[in-house]
2 protein chains.
Amino acid sequence: MTTIIKHNFGAGPCILPANVLDQAADAVRNFNGIGLSILEISHRTPEFEAVMKETGDLVKELLEVPEGYSILFLQGGASTQFSMLAMNFLHQDRKAAYLDCGYFSQKAIKEALLFGEVDIVASSKDKGYNYIPLGYEIPEDAAYFHYTSNNTIEGTEMFSFPPTSVPVICDMSSDIFSRRVNVADFDLIYAGAQKNMGPAGMTLVVVKDSLLEKIQRQVPSMSDYRIYRDNGSLFNTPPVFSIYVAMLNLRWLKEKGGVTQIETENIAKAILLYQEIDRNPLFYGLADPDHRSRMNVTFKMKNPSLEQEFLDFAAARGVVGVKGYRSVGGFRASLYNALPISSVEVLVNCMNDFEKENKEVELAQSESV
Amino acid sequence: MTTIIKHNFGAGPCILPANVLDQAADAVRNFNGIGLSILEISHRTPEFEAVMKETGDLVKELLEVPEGYSILFLQGGASTQFSMLAMNFLHQDRKAAYLDCGYFSQKAIKEALLFGEVDIVASSKDKGYNYIPLGYEIPEDAAYFHYTSNNTIEGTEMFSFPPTSVPVICDMSSDIFSRRVNVADFDLIYAGAQKNMGPAGMTLVVVKDSLLEKIQRQVPSMSDYRIYRDNGSLFNTPPVFSIYVAMLNLRWLKEKGGVTQIETENIAKAILLYQEIDRNPLFYGLADPDHRSRMNVTFKMKNPSLEQEFLDFAAARGVVGVKGYRSVGGFRASLYNALPISSVEVLVNCMNDFEKENKEVELAQSESV
């Protein structure tokens, strides 16, 4: 039996570089040759403290984080951040400005409403979130302005950010480390790790220290950003293995040439797939072309009854994880950092070949009539 | 160079069975032979849903969880539970009863105070938490009664539980799966995984469904136990790998004969080490003999200036993780499920041999005088 090579287009947890997985597997057996597994060492050992330090340093280097910011490692995913950030920064008598640009924006808004007022400055709900709203005002008295830079489910991404004088908080879960951003434009960036950073179980927060001075509400220790900063994210036992694999993955990114290099590759991958979607008469893209995500490409077939057939056709060639999110349907191909362009070529060839086979079937059917 | 076999007495994250580590490493390369890593599959795949189900079923089987309880998998460790349980169950106008029996009890009390009143029914702080208080009253109008079954830092453990009519909430982080407990005596049991369940990054909660009906406060989704129950702990991306390794570890425990068998072995290991501590004139135990923990054995040397020498002596024989917690000092040997009795024998032999060497040195010194 020959094993088919898998092309993993999953939306997250998602593909990681093969050599990162190899190193991670080795460390599960014997970490750094110390005779113990990475899973069974204390988070207080010098060995693990070195991992924490290197991971933080790599985040700083790869994102070019300026002075005056702290790098924190938390648990609970972006979903925990939705409430935690409001608990810390949305004071009782204030309102926060939110851009409603997708499923996860809505979730963030819902959690913020537990702590104060929310001013939705713009929404793309009218068209099923297939675009990013433009040309709105952010109230100057808002406690902060919140948005999602990439909408994993709908397949849209923000490429220009509105200038504002209020603190900017951004959920970058699905495009952090995929493209250059100017960290100085943000007061708090958060991201669940399980896209371009590492495996599930860890959340990255990059926060401007001056923002932390604005916390007024008394919050639980594990919901207080200052506790993480003051304890080097070691107030309690951190998600040791997830942090370790993130370190390996960020090392891989650095060796590859960093965010600038990966951005070039990500653009090339996205162009390749969107060109085929636009060319192939069987398919169409879901997102407004100006706001198409480079990370999550959403598309459907003009004839929906062929979708399952195409999924099977692609699966036979090793393409996995392209089924669209349940509320959207169709397909979603995620092109995260670790996905090689050769995998995108396989998918594009699938679409191309499926089109040809389909034409032959149609031709045969019309001839037999 | 010969590699010395390590005997890992670390307090957590801690030793895991070698064959669990082997299987975990294999799955990081290729999970179940599907051609993808356990780190890069979606939590919504049938493959991972099977992992969730088996892990939950193993918890139920090994702990003999009765009907009417739910098994939840969360993130954030026991430290997150300290505030979350109070947020859910300590209503504004009520008070909760807490037994103050150690470092982590104190932490739990601190977080509860953010949500309501706390009635400390008894404390062993007077003697540095070296015993478990007995003979106290639990107010019948308390929202719940909270205690820590095993005190990881101080090395004490509760072997009898006070009868009460109020809901009982217990932090079993460091002795769950190490001994039989009657789950029906508890309304909520929580435990950070990184002792006897699996690697860091996952928290187990076993909760009586009827307790969840008592939630009054509006809490964030990620702090609401009902959200985890209603979504099978898949409201957001769970800590996939930590849950998977916990499943492997619970399979190992089941194959070994379950909690009854491991309890017998844990008792034998503890007796062996405590006997040497009591016999060896160089050492003394820290906990009251009636409340000595089987999981975390705390002891010191009568001559503290010898402690570093003993640590080095033991390290040369592969003994690691026995340095006491910073606020306690001395030694702490954790005897979790995966630690074989042969490792305890190595430590006991170290103590014995160190005593002999010490006698020879004393003898030589007295002779040279």
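The values are calculated or read from the model by the stated rules, or taken from the named source; none is laboratory data. Model, not experiment: these values are computed from the prediction. Glycine also receives a Cβ, built like all others from the backbone with ideal geometry; neighbour counts cover every protein chain displayed.
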Residue list for region A:22-49, restricted to those being under 17 Å from B:PHE241 (Cβ atoms) and either part of a loop (DSSP other than H, G, I, E, B) or not assigned by TED's automatic domain parsing to the domain that holds A:TRP252 (or both): A:SER37, A:ILE41, A:HIS43
Set B:ARG294, B:ARG332, B:ARG326: member being closer than 26 Å to A:HIS43 by Cβ, among the charged types (D, E, K, R), in a loop (DSSP other than H, G, I, E, B) and within 14 Å of another protein chain (Cβ to nearest Cβ): B:ARG326
Positions within region B:209-228 being exposed (fewer than 15 other Cβ atoms within 10 Å of the Cβ) and farther than 14 Å from B:LEU72 by Cα, in sequence order: B:SER210, B:GLU213, B:LYS214, B:GLN216, B:GLN218
Whichever residue in region A:175-210 is more than 17 Å from A:SER233 (Cβ to Cβ) and among the aromatic types (Phe, Trp, Tyr) and, among such residues, is farthest from the other protein chains (Cβ to nearest Cβ): A:PHE186
Looking only at region A:105-121, and only at residues there that are crowded, with 19+ Cβ neighbours inside 10 Å and among the hydrophobic types (A, V, I, L, M, F, W, C), the one that is nearest to A:VAL219 (Cα to Cα): A:PHE115
Residues of region A:311-353 satisfying the condition of being farther than 17 Å from A:TYR274 by Cβ and among the polar types (S, T, N, Q): A:SER327, A:ASN337, A:SER342
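Could you check region A:228-285 and list, in sequence order, the residues that are among the aromatic types (Phe, Trp, Tyr), assigned by TED's automatic domain parsing to the domain that holds A:VAL205 and in a helix (DSSP H, G or I)? Show your work before the answer.
First pass over region A:228-285, keeping only residues among the aromatic types (Phe, Trp, Tyr): A:228, A:235, A:241, A:244, A:252, A:274, A:283-284.
Narrowing the set further to residues that are assigned by TED's automatic domain parsing to the domain that holds A:VAL205 leaves A:228, A:235, A:241, A:244, A:252.
Hits for region A:228-285 are A:TYR228, A:PHE241, A:TYR244, A:TRP252.
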B:SER42 vs. criteria surrounded by fewer than 24 Cβ atoms within 10 Å (Cβ to Cβ), under 23 Å from the mean Cα position of the chain (by Cα) and of a type in the set (S, T, N, Q): no
Neighbours by Cβ (under 9 Å, 6+ apart or cross-chain): first from region B:311-332, under 13 Å from B:PHE354 (Cα atoms); second in a helix (DSSP H, G or I) and among the aliphatic types (A, V, I, L, M): B:ALA314/B:VAL346; B:ALA314/B:LEU347; B:ALA314/B:MET351; B:ARG317/B:VAL346; B:ARG317/B:LEU347
Subset of region B:55-100 (residues that are modelled with pLDDT of 95 or more, out of contact with any strand residue (DSSP E or B) (no Cβ under 8 Å at 6 or more places or on another chain) and surrounded by fewer than 17 Cβ atoms within 10 Å (Cβ to Cβ)): B:ASP57, B:GLU61, B:GLU64, B:PRO66, B:GLU67
Any hit, region A:301-310, residues being among the small types (Gly, Ala, Ser) and either part of a loop (DSSP other than H, G, I, E, B) or touching a Gly at 6+ places or on another chain (Cβ under 7 Å) (or both): no
Identity of the residue in region B:79-131, out of contact with any helix residue (DSSP H, G or I) (no Cβ under 8 Å at 6 or more places or on another chain) and part of a strand (DSSP E or B), that ends up nearest to B:ALA191 (Cα to Cα): B:ALA97
Test: A:VAL51 is touching a residue at least 40 places away in the same chain (Cβ under 8 Å), away from every other protein chain (no Cβ under 12 Å), of a type in the set (Val, Ile, Thr) and at negative phi: yes
Failed criterion for B:ASN8 (all others in (1) more than 7 Å from chain A (Cβ to nearest Cβ); (2) under 30 Å from B:ARG332 (Cβ atoms) hold): (1)
Residue in region B:145-166 that is closer than 14 Å to B:VAL205 by Cα, within 14 Å of another protein chain (Cβ to nearest Cβ) and touching a strand residue (DSSP E or B) at 6+ places or on another chain (Cβ under 9 Å) present: no
Residue under evaluation A:SER124, criteria (1) crowded, with 21+ Cβ neighbours inside 10 Å; (2) of a type in the set (S, T, N, Q); (3) farther than 23 Å from A:LYS214 by Cβ; (4) under 17 Å from the mean Cα position of the chain (by Cα), criterion not met: (4)
Subset of region B:236-272 that is without any contact (Cβ under 8 Å) to a residue 40 or more places away in the chain and among the charged types (D, E, K, R) - its residue that is surrounded by the fewest Cβ atoms within 10 Å (Cβ to Cβ): B:GLU255
Top-ranked residue of region A:12-21 - restricted to ones that are assigned to a loop (DSSP other than H, G, I, E, B) and of a type outside the set (A, V, I, L, M, F, W, C), ranked as surrounded by the fewest Cβ atoms within 10 Å (Cβ to Cβ): A:PRO17
Yes/no for A:ALA143 being over 21 Å from A:ALA287 (Cα atoms), assigned by TED's automatic domain parsing to the domain that holds A:ARG179 and at pLDDT 95 or above: yes
Selection status of A:GLU137, over 17 Å from A:PHE89 (Cβ atoms) and acidic (Asp, Glu): yes
Region A:211-232 - residue that is touching a Leu at 6+ places or on another chain (Cβ under 8 Å) and of a type outside the set (A, V, I, L, M) and, of those, nearest to the other protein chains (Cβ to nearest Cβ): A:PRO220
Residues (of a type in the set (S, T, N, Q), surrounded by 23 or more Cβ atoms within 10 Å (Cβ to Cβ) and part of a loop (DSSP other than H, G, I, E, B)) located in region B:145-168: B:SER149, B:THR152
Any chance A:ARG292 is touching an Asp or Glu at 6+ places or on another chain (Cβ under 8 Å) and either β-branched (Val, Ile, Thr) or under 21 Å from A:ASP175 (Cα atoms) (or both): yes
Residue list for region A:170-179, filter: touching a helix residue (DSSP H, G or I) at 6+ places or on another chain (Cβ under 6 Å) and within 11 Å of A:TYR147 (Cα to Cα): A:ASP171
Among (1) out of contact with any Phe, Trp or Tyr (no Cβ under 6 Å at 6 or more places or on another chain); (2) at the interface with chain A (Cβ under 8 Å from one of its Cβ atoms) - the single one B:CYS14 does not satisfy: (1)
Every pair of residues 6+ apart whose Cβ atoms lie under 9 Å, when the first sits in region B:57-77 and is within 14 Å of chain A (Cβ to nearest Cβ) while the second is part of a helix (DSSP H, G or I) and among the charged types (D, E, K, R): B:LEU72/B:ARG229
Within region B:295-345, tally of residues that are under 16 Å from B:GLU265 (Cβ atoms) and among the β-branched types (Val, Ile, Thr): 3
Those residues of region B:90-116 which are more than 14 Å from chain A (Cβ to nearest Cβ) and of a type outside the set (Ser, Thr, Tyr), in sequence order: B:HIS91, B:GLN92, B:ASP93, B:ARG94, B:LYS95, B:ALA96, B:ALA97, B:LEU99, B:ASP100, B:CYS101, B:GLY102
